[in-house]
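The values are calculated or read from the model by the stated rules, or taken from the named source; none is laboratory data. Here the structure is a predicted model, which is why all the values come from computation and not from measurement. Cβ sites come from the backbone with ideal geometry, for glycine too, and all protein chains shown count toward neighbours.
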Amino acid sequence: MKHFAPSKAIGAGPLRGPRETRKDDKDGMTEQGFKRFRRRRAPAAATPFTADTEGGSRLAVPASAAPSLLPATLPEPWDRIRQVPFDGAGHQEARLPLVSRFRTAPAAKSFDLLRTRLLHTLKARGWKRVAVTAPAAGCGTTFSAVNLALSLARVPGSRTVLMDMNFRRPGVACALGLQAPANMTGVLSGTVLMEEHLLRPLPSLAVGLNNAADQNAAEILHSGTCIETLDGLMLRSGADVALFDLPPVLEHDDTAAFLPQVDGVLIISDGTSTTAAQLAACEKMLAGHTQLLGVVLNRARKSDSSLL
Ligand SMILES: Nc1ncnc2c1ncn2[C@@H]1O[C@H](COP(=O)(O)OP(=O)(O)OP(=O)(O)O)[C@@H](O)[C@H]1O
Ligand SMILES: [Mg+2]
């Protein structure tokens with residue numbers, strides 16, 4: 001049995017011509033009339049997709065519905081940085097000792113004290129960018145930069161960025177037990193977006209890792225795109241502090257090339273090998289180019305003060 005709606009319920013629309021109106025109004029809708037009605041109504045009401053001229057399909061959105069389909073807001077750049085699993089309390093693959101595992105150990109306390117002093121200085125002067133370097137290789141630059149970054153990242157509501165700018169011997173990825181998505185050269189030359197390269201091992205810490213050494217490091221750090229990329233990073237990330245892990249001052253000119261990009265420098269000295277002459281040479285090299293924020297005594301003997 002077929003059931004058709006009575007003419008008064010469906011026949012009053014403008015889709016019908018005068019001839020049909022007269023007939024249907026009089027006798028109720030015929031089967032033929034109903035099919036015609038359905039054919040005419042279908043394109044407008046049944047589907048939001050319409051064929052385009054090339055045989056594909058496109059979304060036909062009524063003007064009144066469009067605003068509700070748009071996302072209310074885009075996530076900000078910091079939230080777009082990929083979060084990666086990281087167990088700071090005991091990362092098995094981490095190569096360097098991460099002192100945040102032992103909050104009450106003297107080394108962890110020293111990093112927290114260094115963090116607080118550094119934050120006071122940066123805040124007082126409106127600075128954000130800090131280079132971490134050493135007179136010679138192996139003094140503990142990466143060890144200090146990573147542990148300081150983890151300590152800074154524990155400050156509630158803060159944002160810390162740690163960038164591996166040591167193109168001679170990149171070490172931050174290995175120190176944190178993370179895999180670098182690409183090398184830093186692509187990022188600093190502008191071919192890879194910073195937000196795509198950075199990783200967030202903690203909600204308040206973003207790291208820029210490097211997976212390949214590059215002997216043209218000084219030229220890369222001098223380049224205009226490097227300057228623009230870092231300016232963009234600071235602007236978009238909203239970072240409170242950015243730490244840059246750099247090669248030794250007295251071995252390459254990379255750090256000297258990068259000095260215009262930072263507000264100040266932390267020098268890591270090795271209590272077992274760094275000499276006074278080396279520290280004096282570093283200070284001479286930095287003088288007039290940037291501010292020396294402090295000299296950190298790493299691998300201090302018991303009788304030494306851990307921070308100078
Ligand atoms: N205070 C410390 N306690 C224990 N181990 C340390 C300490 N400082 C550094 N090390 C170890 O010494 C080695 C060298 O440290 P690190 O990689 O930080 O040196 P670096 O100055 O970054 O060297 P490079 O110039 O090659 O980048 C690492 O294996 C690290 O674990
Ligand atoms: Mg290093």
If I ask for residues that are within 16 Å of ligand 1 (Cβ to nearest atom), closer than 17 Å to Thr229 by Cα and either under 15 Å from the mean Cα position of the chain (by Cα) or not assigned by TED's automatic domain parsing to the domain that holds Leu233 (or both), which ones from the stretch 163-182 would you list?
Met163, Asp164
Return the pair list, or none, for Cβ contacts closer than 7 Å from residues in the stretch 190-201 that are outside the structural domain of Gly232 (by TED's automatic domain parsing) and more than 15 Å from Asp79 (Cβ to Cβ) to residues that are crowded, with 21+ Cβ neighbours inside 10 Å and at pLDDT below 85, at least 6 apart or on different chains.
none
Residues of the stretch 153-173 being within 13 Å of ligand 2 (Cβ to nearest atom) and among the basic types (Lys, Arg), in sequence order, are Arg168, Arg169
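Residue check: is Leu150 under 20 Å from Gly232 (Cβ atoms), in the same structural domain as Gly264 (by TED's automatic domain parsing) and more than 9 Å from ligand 2 (Cβ to nearest atom)? Steps first, answer last, please.
Working: under 20 Å from Gly232 (Cβ atoms): no; in the same structural domain as Gly264 (by TED's automatic domain parsing): yes; more than 9 Å from ligand 2 (Cβ to nearest atom): yes.
The answer is no for Leu150.
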Would you pick out the residues in the stretch 113-137 that are buried (at least 16 other Cβ atoms within 10 Å of the Cβ) and within 15 Å of ligand 1 (Cβ to nearest atom)?
Leu114, Ala131, Val132, Thr133, Ala134, Pro135, Ala136
